[in-house]
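The structure under discussion appears below in the form of structure tokens.
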Protein chains: 4
Amino acid sequence: VKLNCDIGESFGIWKMGRDEDVMPCIDLANIACGFHASDPSNISKSISLALENRVTIGAHISYLDLLGFGRRSIAHTYEEIRDLSIYQLGALDALCKLQKTEVSYVKPHGALYNDMMKDFDIFKALAKSISEYNQNIKLMILATKDTHKYKELANECGIELLLELFADRAYDSNGHLVSRKESGSVLNSKEILSRVKEIAKSGKIKTIENKFLELKADTLCIHGDNEESIELAKEIKSLL
Amino acid sequence: VKLNCDIGESFGIWKMGRDEDVMPCIDLANIACGFHASDPSNISKSISLALENRVTIGAHISYLDLLGFGRRSIAHTYEEIRDLSIYQLGALDALCKLQKTEVSYVKPHGALYNDMMKDFDIFKALAKSISEYNQNIKLMILATKDTHKYKELANECGIELLLELFADRAYDSNGHLVSRKESGSVLNSKEILSRVKEIAKSGKIKTIENKFLELKADTLCIHGDNEESIELAKEIKSLL
Amino acid sequence: VKLNCDIGESFGIWKMGRDEDVMPCIDLANIACGFHASDPSNISKSISLALENRVTIGAHISYLDLLGFGRRSIAHTYEEIRDLSIYQLGALDALCKLQKTEVSYVKPHGALYNDMMKDFDIFKALAKSISEYNQNIKLMILATKDTHKYKELANECGIELLLELFADRAYDSNGHLVSRKESGSVLNSKEILSRVKEIAKSGKIKTIENKFLELKADTLCIHGDNEESIELAKEIKSLL
Amino acid sequence: VKLNCDIGESFGIWKMGRDEDVMPCIDLANIACGFHASDPSNISKSISLALENRVTIGAHISYLDLLGFGRRSIAHTYEEIRDLSIYQLGALDALCKLQKTEVSYVKPHGALYNDMMKDFDIFKALAKSISEYNQNIKLMILATKDTHKYKELANECGIELLLELFADRAYDSNGHLVSRKESGSVLNSKEILSRVKEIAKSGKIKTIENKFLELKADTLCIHGDNEESIELAKEIKSLL
């Protein structure tokens, strides 16, 4: 199981995240592309940092919403989603090319990620347009109990998926994320480490109902925005 | 001499330019990349229109300044200019790839164009970064009396230049554009057609001092924003 | 019945609307405040134009969404709606003050207008914050069959409402706007003129089911974006 | 001598500055108005914090340039400067009104501040438009050796000036700020405290040539962005 983390979320002179500290712990860097965070120069710095740490680069694409950090859903046609996604992917990929590297996967961010998991046609628009851009680029989506239909479509498009689990979010027995509004929806450090141990041992996760659920995943999403999360990232890395 | 024109300068629901009408007259479409005009969906439409008319696509890159339409100089480091240019070029190129075409050249827009002609290091930053992205992509600059140093650097970078003349702007005997603030700096339709005839015949242009000047050019910049300019574009095309 | 029209919807160098032509026909100018259209300088020009034509000025406030022209709903807390509304209202009012005039009413634009009519708490947030800013400023909302609860709250806040009818939109017998997706939802010029005559005569409008409905309204919303709408505006004005 | 500090420079979820910690030390809060930093909701929070600490509120107005934090000069006409300034001032003043307070002064930020001190006509545009908006609002400018012409114009406009000294910047014997590019241009904590003591004692400051210069000032600009600056702010406050 590879570790992925949101990277490059500064904007202009505003700093966010402790990218230098978390980068040595992770395998996959979800680099913001300027629509919810970052800008061309911050992107270039994020690419350099990923290269120095031999971390694989992904395009963290988003709705255009700096003020809302891409967390607010904004209605778009599927064509618009294709266009804004490939715009961001191409921009990041070109800046990667200047440093002789490339984008390996796409992870939709925030509201676009949630909307993709709710509306299969958004997933379809994304998968199709990525495959038309470059079939070597993977698409990261939420690991759920049944990913059959996603895999089938990805297959048709000729691209691979990366299924991700969230290290710090509670799941129910149906394999859905428990809403952040519910109590117990966000795990503390101890719970996160237990979960990581379980994944390493059995590949299963404990649900909010205290049952064990098998959720096949390729990658685990962790954070790197403060001292505590950096310490946790180091421990998670040493466990895996 | 090929005709180039600024294309895709709408933004959101705001329309600008008569792209459908001017496209059949031109050879090179300078497509706005979202920093001074346009947005991902308008870019896709501009690419489609260029393809339908078999027009070569160029990236019309700019400082980030929608409100000022990229016409206001904004101080940047050379690294920032590299990053913002490749961001825009990559974004456009990726959207081209979805339609199985590609960007053939870069034309800096507005204040970035002027700054490039004033500060050789900006030209250098642009030439170098374009060549690192893709050596098949050309860079369009102003045709001046002596383009030796530009060509030398382009040569070192392994890219080609496109030298452009403005159809509607007065030149002085040194081959510089006469400032828009001077009277007679902008040519009327009749003068533009005379100039085009001279270029077609002798390759020379008449300066504001009524002398003839040889300015070697690969392309002539025309406009397509209103009825009059469309009529003019048709006449120019038929003359060349 | 006063005529209101969206005014000042240009942005930077992008022009929209035929403000000079429609202004002599209307009573109330809904001036964009920079969040879905316009910018400080276009706002000043719109205020001048309203003053020259002795047209009352309203703040056409919106979600922050230039690319989507404020037509896309974006989730906000009620506090955020208060803050973005008063920010825009204050900005416009200050620019009015420079020209010795003032804002007389607020009309939410696009998605914010629709959201206000769907979520009473948004209406409440708007009414309350406007009243705290200046109780002389009215709030324009959609005229519906039963406006009791809106009027009651406005009364509590000490502000007045302006109820508006759309000249060009079909209504059903419940007094709701027929969705734009339905056929017949948008009236043609002839139908619009019939409606205006009916309003002038009986104060009633014909619904899509061909029944007559009394919808008490203070103002009628018309358009001024093209030649046809300008002609229509003149006819409507002469009828009223 | 009153202490002023830049406040409310967060934007969306990006935090900047330690406003809660520095606010108890200062007299005047230069609150960002959304053009170089902040947004309507962050503005409201900044106003609340100023009120809690009984700190006078100023509008920290700027060119529109979030990415460059308002530090890059952008060419504007004087009318545009008037419009963007009053837009921001009005927006902040309206949000103040909701909390039953008001804007007491305007401080141009970053490049606009520098441009105002270089181009008297920009100062004039600002002074004139502020006076037309509200003659009770003061304008903060740089204290220089000779402020005669500024005071004369302010007088004509019927507004007052606030002359400010920078606590942390070296001055030359002509009363000009030493460019940040020169060595010794930015004072360390010890030097800053010496300067504050001198101001408190004699009203004079030591120049980079080790001479004493009398620069009449109403306010001293300090910072509050990190632990060190907060400690310094407390010491400065206790000295004055």
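Annotations
- Residues in the range C:94-119 that are part of a helix (DSSP H, G or I) and more than 14 Å from chain D (Cβ to nearest Cβ): C:GLY110, C:ALA111, C:TYR113, C:ASN114, C:ASP115, C:MET116, C:MET117, C:LYS118.
- Of the residues making up the range C:144-162, not a single one is open to solvent by less than 20 Å² (accessible area, probe 1.4 Å), outside any loop (DSSP other than H, G, I, E, B) and within 15 Å of C:CYS221 (Cα to Cα).
- Residue list for the range B:59-85, filter: in contact with a Lys or Arg (Cβ under 8 Å, 6 or more places away or on another chain), of a type in the set (A, V, I, L, M) and under 15 Å from B:CYS33 (Cα atoms): B:ALA59, B:ILE61
- If the condition is being in contact with a Cys (Cβ under 9 Å, 6 or more places away or on another chain) and not small (Gly, Ala, Ser), then the range C:182-231 contributes C:CYS221, C:ILE222, C:HIS223, C:ILE230.
- Residue within the range A:141-154 that is touching a helix residue (DSSP H, G or I) at 6+ places or on another chain (Cβ under 8 Å), at pLDDT 95 or above and closer than 27 Å to A:GLU9 by Cα present: yes
- Wholly enclosed strands (runs of 3 or more DSSP E) of the range B:1-87 bearing at least 1 residues hydroxyl-bearing (Ser, Thr, Tyr) and more than 30 Å from A:SER48 (Cβ to Cβ): B:56-61
- Top-ranked residue in the range A:1-51 [being more than 23 Å from D:LYS15 (Cα to Cα) and within 12 Å of another protein chain (Cβ to nearest Cβ); ranked as surrounded by the fewest Cβ atoms within 10 Å (Cβ to Cβ)]: A:SER48
- Scanning the range D:80-93 for residues that are within 7 Å of another protein chain (Cβ to nearest Cβ) and closer than 19 Å to D:LYS124 by Cβ yields D:GLU80, D:ASP83, D:LEU84, D:ILE86, D:TYR87, D:LEU89.
- Some residue of the range C:222-238 being closer than 21 Å to C:MET140 by Cα, open to solvent by 70 Å² or more (accessible area, probe 1.4 Å) and of a type in the set (S, T, N, Q): no
- Residue satisfying all of: in the range B:169-199; under 16 Å from B:VAL1 (Cβ atoms) and aliphatic (A, V, I, L, M); modelled with the lowest pLDDT among these: B:ILE199
- Every pair of residues 6+ apart whose Cβ atoms lie under 9 Å, when the first sits in the range D:59-75 and is open to solvent by less than 10 Å² (accessible area, probe 1.4 Å) while the second is part of a strand (DSSP E or B) and of a type in the set (Lys, Arg): D:ALA59/D:LYS107; D:HIS60/D:LYS107; D:ILE61/D:LYS107
- Selection count, the range C:88-114, where residues are open to solvent by 10 Å² or more (accessible area, probe 1.4 Å) and more than 20 Å from C:ARG71 (Cβ to Cβ): 8
- The range D:171-209 - residue that is open to solvent by 30 Å² or more (accessible area, probe 1.4 Å), assigned to a strand (DSSP E or B) and not hydrophobic (A, V, I, L, M, F, W, C) and, of those, farthest from D:SER238 (Cα to Cα): D:LYS206
The values are calculated or read from the model by the stated rules, or taken from the named source; none is laboratory data. In this text, all values refer to a predicted model and were calculated from it rather than measured experimentally. Quick reminder, even Gly has a Cβ in these numbers, built from the backbone with ideal geometry, and neighbours come from all protein chains shown. For the accessible areas, the whole protein counts, side chains as well, though only heavy atoms, and no ligand, DNA or RNA atoms are used. Shrake-Rupley method; radii C 1.70, N 1.55, O 1.52, S 1.80 Å.
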